[in-house]
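Asks: One structure, as structure tokens, below. Some questions next.
Since every read-out is calculated from the coordinates, none of them should be taken as a lab result. Because the structure is predicted, anything quoted here is derived from the model rather than measured. Counting neighbours? That spans all protein chains shown, and the Cβs are built from the backbone with ideal geometry, glycine included.
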Amino acid sequence: MARNDLRPIDRFIADAAAGALTRRQVMQRGAALGLSASALGMLLRGATPSVLAQEAAPSGRIVISLSAEPSTLENWNAYSLDGHPVLRNIFEALLNRDPATNELVGELATAWEWQDDRTIRFTLREGVTFHDGSPFNAEVAAEGVNYTWSAENAFDITQFMGPQISAEVVDEMTIDVSAAEPDPILPARLYFAPLPNMVQVNERPDSLPSEAIGTGPYQLVEWARGERIVLTAYPDWWGNADPEAAYGAQSILDVEFVWRPESTVRAAQVNAGEAQIARFLAPEDCMTTPVCEEAPSVETIFLRLDTMHPVMSDIRIREAIGLAVDKERLVEQIFGGGQVAAQMVGPSAVGYNAELTPLGYDMERASQLVQEAAADGVPIDMEITVAVRRGAYPRNEELGEYVANQLNEIGLNARTEVIEHAAYQEQYVMPYDEIPEDRGWIGTLGHGNEMMDVSQTFSGYYRCDGGVSTFCDPEIDEMTAETSVITGDERAAALAETTAAFMAHIPVIPIVHLPFFYGLAADLVWTPRLDAFMLVKEMSYSS
């Protein structure tokens with residue numbers, strides 16, 4: 001039989017037996033094909049395929065320590081830093097990304113094709129069931145898309161929507177998903193939004209925040225609020241029959257998520273064997289763990305300024321705030337590495353503007369600008385609040401204190417407030433025209449451009465009607481509308497030009513394109529993804 005006629009698992013075994021793979025490749029690829037760590041260990045020692053077949057069932061347990069508890073287990077919250085580590089293991093989307101190449105690949109869809117500049121036709125995967133046994137089909141998928149992106153529901157994820165998204169059934173296993181206007185990154189938006197169980201949505205909507213029922217490789221066992229979330233492998237997951245198409249496998253049986261806001265505590269959990277992964281560690285804490293993985297990310301840390309505030313409405317004040325922040329020092333001493341940022345997206349995003357440079361660090365000039373503004377009647381004594389979301393990322397609280405101190409040094413009146421996630425989120429997503437003029441927030445935030453196209457950032461932060469915008473300029477709105485729909489070779493340059501125009505108004509102060517630090521147990525095999533998704537189907541143990 002020719003090699004290409006072999007099943008993927010048989011080709012893998014043949015390559016491993018021939019010594020064509022490194023030990024790490026054997027462990028990673030074997031786990032992706034559904035082989036347990038013990039089976040892979042036997043393969044490395046020369047076991048036969050018949051023996052290996054008996055060892056392929058998932059086994060063992062992993063504990064993952066996060067910085068914050070999810071606010072809800074609803075499918076749409078899978079966009080958030082607190083939500084996606086848990087929810088992306090329970091729910092699946094039409095598309096995912098290849099963990100190695102980062103290209104979009106099928107998940108609940110097996111194929112997709114543009115019908116025109118607004119509509120994509122998706123062929124859905126057959127044989128998929130939800131964890132309650134209900135079937136997945138075109139009716140469920142279309143209704144799920146419409147529910148998730150509904151303007152009436154207005155879930156927080158809609159901040160990442162461009163033109164309105166809707167779906168309709170073509171036949172039993174085919175749907176058309178459309179944008180109200182041309183949207184070249186519609187596939188990436190759909191990758192960002194896993195699909196809900198519509199039986200649950202329609203019949204038991206009150207259960208949605210606490211009872212996640214998806215199609216993914218892991219199903220919810222327990223959410224003990226304030227303590228832990230427990231998942232276990234879903235035995236009827238479609239990926240068990242086609243791990244190659246699933247880009248992973250259920251090597252690990254049980255999963256527990258816990259949360260500790262302190263980086264040192266999360267690292268200590270790994271060192272004590274109480275957890276196998278600690279996410280978002282401070283660099284020095286990560287270095288104490290058995291394996292410290294530093295990974296690039298799509299996350300940019302920045303300051304979001306309430307530009308409607310009587311003080312920060314003056315561009316001289318906004319420039320002064322930028323000049324008072326020593327970004328080089330923050331990158332080195334607070335964040336432990338990364339690239340000083342001049343915009344809200346990093347080089348992985350289409351439309352990144354390589355010609356932009358950060359505002360420098362100049363306290364003397366910053367103080368001078370504040371005094372010039374005061375002389376023209378700007379009420380610089382009005383309070384500014386450096387608002388910090390608790391547990392958002394390592395040393396967020398330190399960043400908030402630093403910024404407030406620097407602003408007081410240049411003559412502004414600033415204080416720091418650390419706010420719990422739910423209360424912060426309520427303020428964070430408040431529409432621009434509803435934000436009180438006297439709120440005076442400087443939000444210490446992280447923006448993840450998982451769609452890897454700067455037009456995603458347009459729809460959140462650049463526009464007057466942006467989902468999380470605190471800035472409004474009709475001319476920028478016009479530019480975003482015009483450039484978002486451009487395709488082909490001209491797209492990147494047009495998006496970059498729009499970013500330059502936005503940044504000229506200084507509505508945000510970018511600080512760092514952030515690397516993420518993960519502490520791992522010595523026997524855990526896992527490579528962090530660029531989008532920071534923590535998919536247990538991509539993890540295994542080496543012994």
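Asks: Starting from the exponent 0.38 and prefactor 2.2 Å, build the expected Rg for segment 212-354 from its residue count and divide its actual Cα Rg by it. Mind dumping the intermediate values first?
Replies: Working: Rg = 21.0 Å, N = 143, 2.2 N^0.38 = 14.5 Å.
My calculation over the Cα atoms of segment 212-354 gives 1.45.
Asks: Moving to a separate point now. Based on alpha-carbon centroids, what's the gap between segment 204-272 and segment 141-202 in Å, whole number please?
Replies: 24
Asks: Turning to a different aspect of this structure: Taking K and R as +1 and D and E as -1, what net charge do the other residues with C-beta under 11 Å from the C-beta of H505 add up to? Intermediate results must be reported in sequence, preceding the final value.
Replies: On the way: positive: R318; negative: E319, D473, E475.
Here the count lands on -2.
Asks: At 0.36 nm per residue, and after removing the present C-alpha to C-alpha distance, how many nm does the segment from R390 to N413 gain when stretched out fully?
Replies: Value of the extension gain: 6.1 nm.
Asks: Please arrange D531, D523, D132 by how many other C-beta atoms lie within 10 Å of their C-beta, fewest to most.
Replies: On the way: D531 22, D523 15, D132 12.
Neighbour counts put them in this order, fewest first: D132, D523, D531.
Asks: Still on this structure, I have one more. Test of understanding: what is the full-extension gain from S71 to E181, defined as 0.36 nm times their sequence separation minus their Cα-Cα distance? Spell out each step's value before the answer.
Replies: Numbers: separation 110, 0.36 × 110 = 39.60 nm, distance 3.22 nm.
Residue separation times 0.36 nm, minus the Cα-Cα distance, leaves 36.4 nm.
Asks: Calculate the tail of P(r) for segment 446-536: the fraction of all Cα-Cα distances greater than 20 Å, expressed in %.
Replies: Working: 1905 of 4095 pairs.
Above the 20 Å cut-off, segment 446-536 has 47 percent of its Cα pairs.
Asks: Suppose a student asked you for the relative contact order of the chain, using Cα pairs under 8 Å spaced at least 6 residues apart; what percent would you report? Display every interim value, and only then the final one.
Replies: Numbers: 1195 pairs, mean separation 109.9, N = 543.
Taking the mean separation of contacting Cα pairs over the length of the chain, I get 20 percent.
Asks: Separate question: Name the long-range amide H neighbours of W112: under 5 Å, sequence gap of 5 or more, or other chain; modelled H, no Pro or chain starts.
Replies: T123
Asks: Neighbour counts of other C-beta atoms within 10 Å: give me S542, S178 arranged from fewest to most. All intermediate terms of the calculation are to be shown ahead of the outcome.
Replies: On the way: S542 18, S178 21.
Taking fewest neighbouring Cβ atoms as first place, the list is S542, S178.
Asks: Pop out the Kirkwood hydrodynamic radius of segment 299-513 from its pairwise C-alpha distances, inverse of mean 1/r, in Å to one decimal. Display every interim value, and only then the final one.
Replies: Working: mean 1/r = 0.0578 Å⁻¹.
About 17.3 Å, per the Kirkwood formula over Cα pairs.
Asks: Quick one: 3J(HN,Hα) in Hz for segment 170-184, Karplus 6.51/-1.76/1.60 with θ = phi - 60°, rounded, Gly and Pro as x.
Replies: Karplus-based 3J(HN,Hα) across segment 170-184 equals 9, 8, 4, 10, 9, 10, 10, 10, 10, 9, 4, 10, x, 9, x Hz.
Asks: Something else now. Taking segment 79-118, how much of its Cα-Cα pair set, in percent, is spaced more than 17 angstrom apart? Walk me through the numbers on the way to the answer.
Replies: Numbers: 367 of 780 pairs.
Value for segment 79-118 (Cα pairs over 17 Å): 47 percent.
Asks: Let me ask something else about it. With +1 on each Lys and Arg Cβ and -1 on each Asp and Glu Cβ, and nothing else charged, work out how big the dipole of the chain is about its Cα centre, in Debye to the nearest 20.
Replies: Details: 35 positive and 81 negative charges, 449 e Å.
Dipole about the Cα centre, nearest 20: 2160 debye.
Asks: In whole Å, what are the Cα extents of the chain along the three principal axes, biggest one first?
Replies: Principal-axis extents of the chain (Cα, largest first): 83, 53, 46 Å.
Asks: Fewest to most neighbouring Cβ within 10 Å: what's the order for I442, I380? Walk me through the intermediate numbers first.
Replies: On the way: I442 27, I380 19.
If I rank by nearby Cβ atoms, fewest first, I get I380, I442.
Asks: Rounding to the nearest 20 debye, state how big the charge dipole of segment 299-513 is about its Cα centre with +1 on each Lys and Arg Cβ and -1 on each Asp and Glu Cβ.
Replies: 520
Asks: How far is the Cα center of segment 410-427 from the Cα center of segment 463-505, in Å?
Replies: Using only Cα atoms, the two centres lie 27 Å from each other.
Asks: Treat every Asp and Glu Cβ in segment 254-346 as -1 and every Lys and Arg Cβ as +1, leave all other atoms uncharged, and give the resulting dipole magnitude about the Cα centre to the nearest 20 debye.
Replies: Numbers: 8 positive and 15 negative charges, 71 e Å.
That gives segment 254-346 a dipole magnitude of about 340 debye.
Asks: Now for a separate question. Provide the FRET efficiency to the nearest 0.05 for the E262-D236 pair, computing r from the beta carbons and using R0 = 51 Å. Don't skip to the end; give the middle numbers.
Replies: On the way: r = 39 Å, r/R0 = 0.76.
E(calc), rounded to 0.05, equals 0.85.
Asks: Let me ask something else about it. Just name one of A422, Q368, M312: the one whose Cα is farthest towards the positive end of the charge dipole of segment 299-513 (beta-carbon charges, Lys/Arg +1, Asp/Glu -1).
Replies: A422
Asks: Starting from a Cα-only point model with no solvent, please compute log10 I(q)/I(0) by Debye for segment 312-407 at q = 0.19, 0.22 1/Å.
Replies: -1.06, -1.24
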